[in-house]
1. Calculate what fraction, in whole %, of the accessible area of the chain sits on carbon and sulfur atoms when a 1.4 Å probe is rolled over the protein chains.
2. Taking the simple approach of a point 7 Å from Cα along Cα-to-Cβ for both K20 and L79, what is their distance in nm?
3. Express the accessible area of the chain per residue in Å², computed with a 1.4 Å probe while the remaining protein chains stay in the model.
4. What GluC sites (Glu not before Pro) in the range 33-86 are in a loop by DSSP, with at most 16 other Cβ atoms within 10 Å of the Cβ?
5. Looking at the chain, identify the longest residue range that excludes and avoids all trypsin sites (Lys or Arg not before Pro) in DSSP loops having at most 12 other Cβ atoms within 10 Å.
Amino acid sequence: MRKKNAEDFNYYFGAMGSAKTANLLMSYFNCKNDNGMNVVILTPSVDDRAGVGIIKSRTGIQAPAIIITNETNILELILELEDLPHMVMVDEIQF
């Protein structure tokens, strides 16, 4: 297995109902719980289907997320966090 670099970027896309959010949440929980990584999830302010600051899959799993808007500078937001994350995940990035 190759070591991931800071510039690594993965983008997952698919039709509605293709488990994109479920896969994001499973990766989040695996990285956080099994590997002890500090992981941050971001979600756009316009996606409040599960509630403000929550992402939830149709399977029922959910996690808290940081809300971002069009004006959010994501790099500044991440750098202002108390503990820098090992990974940043974004749900519904198209918004």
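1. Result for the chain: 54 percent of the exposed heavy-atom area is carbon or sulfur.
2. 2.9
3. Ligands and nucleic acids excluded, the figure is 75 Å² per residue.
4. Here the sparse-neighbourhood loop sites are E71, E80, E82.
5. Maximal segment without exposed cleavage sites: 5-48.
The values are calculated or read from the model by the stated rules, or taken from the named source; none is laboratory data. Owing to the predicted nature of the structure, the values given are computational and were not obtained by experimental measurement. Here the Cβ is made from the backbone with ideal geometry for all residues, glycine too, and neighbour counts use every protein chain on show. Heavy atoms of the whole protein, side chains included, go into the accessibility calculation; ligands, DNA and RNA do not. Shrake-Rupley method; radii C 1.70, N 1.55, O 1.52, S 1.80 Å.
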